Amino acid sequence: MKNHINDNELELLLLDEHRLSAEQLRSIEEHLTECQFCRENYEKMKSFYAYIENNSEENEINDAETAKKILRQNTPIENEKFLDGHNRAVAVYNGNYEIIERRKKSVVVWIRDIVRYNPLKFSASLVLVGALIAVILYYKKPEMKYVNPTLAIIDNNVLKIYNEMGEVLWKKGVPGMEDYRSDRSFENQKTLSSIREILLEDLDGDGINDLLITGNYARQSILAMDTLYCYNNEGKLKWKYGCGSLAKFDTPRWKYGELFIANYFTYKEKSKNNTRLFVIAGSMYAPTKLFELDIQTGNVIQEFYNSGGIITASVFDLNNDGKDEIFIGGINNALNSAFIAVFDSDSIKGFSPSTAEYIPLESQKNTALHYIIIPHTNYGRLVSLSDYNSVEKFLISKEERTISAYVQEVPNPGHQQNVYGAILYNFGKDMKLNSVVPGDDFTSNYIRLFNEGKIKEPLNAVYLNKLAGGLKYLK
């Protein structure tokens, strides 16, 4: 069966059949006898024009003119062919035409027809769309899927922050800073930098690490040595806070210089799922102080002064009460001895035991749970240029629930070669001393000096018991 008759042919048949050829007229009439759809369409068109004729107030001359206008609008251009598709018709308006569809097409068919009937417009549109996409892609920065800083490295005065995929999130020039890595412990990097330079931690609990960094205490860095800087994962400065003021007393030997930040660490408050920040600030002589810093406001919440250097710090639940204690160790200059102080995290206040030359007697009060003095040994006094020993680091055993203080008897180079010697003091619950274990270097050097007659006491159980008995529990 022939395709349906389009509206243009039906209008010509109705209004001016002489414009159709005899062959077209015969074909249309035959089709109308066979096709109900076209007959209904033709009847609707007749009703439409009949309605116009019956309701028009214009005279016949005007009606004739109206008919001529309709004919002119629907008269095809000379030699133009009608469309054959049964779903397509042509509407002509003042010399312009458009394709009219009887029902919706799929996107693929729609694009196909645009390419077929309007190739120039389609090509121009395609070029424009392509240009817009190119511009957008050119100016839009590529989004990085992994945005959590997991590694910070200072190398050749450049700080680089990496995500977990090893991609550089951001970098910053830090002239004067020693090489440093956040994936290595502070203790393992003391030979390069005597202070903790960087720390990656999630401070606000959003799951994204922040960077903490401080300047070089030798004043060679563009970052201030007494200030702690906090950057977010995009390298934007969130805050910077100084380490606070230094208590001053009018005592003869109270010497101090400008404070610098030596160490800082976070404390995970398990019961509140909260992170707290503790800082150790020192000076070139004395004192040093441990304080808690409010990471939101920068205010010092609590602080403890020690008359000497705080060398190391650790966090550990030694008494197994479900809450970590804070351990600090180093030197008590006033007493010429190594010291250990243990604090409840919520009560860190006061001044260390000392002498009046360092701290007035009435001020020598503190909230430490324990303050232990470890006297300098005869060996240390013999071979060291220093008149004191020092707690260099803590060693924790979670299985045995013990903590050991690594005490260096020769914290400064001695006046003889191969004289370094360290002793481990192991503590259990309530800081009760479990054992005293001399290190290999201490043992070998001690025995050598004993054989040379420079030390009178042999290194045996009696001597180790003497060392254990020399500890002083000031609190």
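The values are calculated or read from the model by the stated rules, or taken from the named source; none is laboratory data. Model, not experiment: these values are computed from the prediction. Positions of Cβ are generated from backbone atoms using ideal geometry, with glycine treated the same way; all protein chains shown enter the neighbour counts. Please note that ligands, DNA and RNA were not included when accessible areas were found on the heavy atoms of the full protein model with its side chains. Shrake-Rupley method; radii C 1.70, N 1.55, O 1.52, S 1.80 Å.
For the range 313-342, residues that are in a strand (DSSP E or B), open to solvent by less than 30 Å² (accessible area, probe 1.4 Å), among the hydrophobic types (A, V, I, L, M, F, W, C) and farther than 14 Å from Leu474 by Cβ total 6. The number of residues in the range 356-369 that are out of contact with any Lys or Arg (no Cβ under 8 Å at 6 or more places or on another chain) and in contact (Cβ under 8 Å) with a residue 24 or more places away in the chain comes to 4. Take the conditions (1) assigned to a strand (DSSP E or B); (2) open to solvent by less than 50 Å² (accessible area, probe 1.4 Å); (3) in contact with an Asp or Glu (Cβ under 8 Å, 6 or more places away or on another chain); (4) not β-branched (Val, Ile, Thr); Pro411 misses just one of them, which is (1).
Scanning the range 363-377 for residues that are in contact with a helix residue (DSSP H, G or I) (Cβ under 9 Å, 6 or more places away or on another chain) and open to solvent by 10 Å² or more (accessible area, probe 1.4 Å) yields Leu369, His370, Pro375.
Just give me the residues in the range 16-28 being open to solvent by less than 60 Å² (accessible area, probe 1.4 Å), farther than 15 Å from Glu40 by Cα and part of a helix (DSSP H, G or I), in sequence order.
Residues of the range 16-28 that are open to solvent by less than 60 Å² (accessible area, probe 1.4 Å), as a first pass: 16, 20-21, 25, 27-28.
Now narrow it down to the ones that are farther than 15 Å from Glu40 by Cα: 16, 20-21, 25, 27.
Within the range 16-28, Leu25, Ser27 meet the criteria.
Residues that are open to solvent by 40 Å² or more (accessible area, probe 1.4 Å), more than 25 Å from Ser345 (Cα to Cα), hydroxyl-bearing (Ser, Thr, Tyr) and at pLDDT below 85: does the range 214-230 have at least one?
Looking for residues that are open to solvent by 40 Å² or more (accessible area, probe 1.4 Å), more than 25 Å from Ser345 (Cα to Cα), hydroxyl-bearing (Ser, Thr, Tyr) and at pLDDT below 85, one finds at least one in the range 214-230, hence yes.
Six or more apart or on different chains, Cβ atoms under 6 Å: show the pairs whose first residue is in the range 157-185 and farther than 18 Å from Arg196 by Cβ and surrounded by 17 or more Cβ atoms within 10 Å (Cβ to Cβ) and whose second is aromatic (Phe, Trp, Tyr) and at pLDDT below 90. Filtered contacts from the range 157-185: Asn163/Tyr146. The residues on offer are Tyr420, Tyr388, Tyr446, Tyr425, and the sole one that is open to solvent by less than 20 Å² (accessible area, probe 1.4 Å), of a type outside the set (A, V, I, L, M, F, W, C) and either in contact with a Pro (Cβ under 8 Å, 6 or more places away or on another chain) or in a loop (DSSP other than H, G, I, E, B) (or both) is Tyr446.
Does the range 450-458 include one or more residues that are under 18 Å from Ala338 (Cβ atoms) and open to solvent by 60 Å² or more (accessible area, probe 1.4 Å)?
No, the range 450-458 has no match at all.
Only residues that are among the hydrophobic types (A, V, I, L, M, F, W, C) and either on the phi > 0 side of the Ramachandran plot or part of a helix (DSSP H, G or I) (or both): list them for the range 29-54, please. Walk me through how you get there before you give the answer.
In the first step, residues of the range 29-54 are kept if they are among the hydrophobic types (A, V, I, L, M, F, W, C); the result is 32, 35, 37-38, 45, 48, 50, 52.
Hits for the range 29-54 are Leu32, Phe37, Cys38, Met45, Phe48, Ala50, Ile52.
Taking into account only those residues within the range 186-196 that are open to solvent by 40 Å² or more (accessible area, probe 1.4 Å) and free of Cβ contacts under 8 Å to residues at least 12 places away in the same chain, which is farthest from the chain's Cα centre (by Cα)? It comes out as Thr191.
Test Lys466 against the criterion of being touching a residue at least 60 places away in the same chain (Cβ under 8 Å) and of a type in the set (Lys, Arg), and give yes or no. So Lys466 does not fit the description; no. Residue check: is Asn273 open to solvent by 20 Å² or more (accessible area, probe 1.4 Å) and out of contact with any Lys or Arg (no Cβ under 6 Å at 6 or more places or on another chain)? In short, yes. The number of residues in the range 173-221 that are in a loop (DSSP other than H, G, I, E, B) and of a type in the set (A, V, I, L, M, F, W, C) comes to 8.
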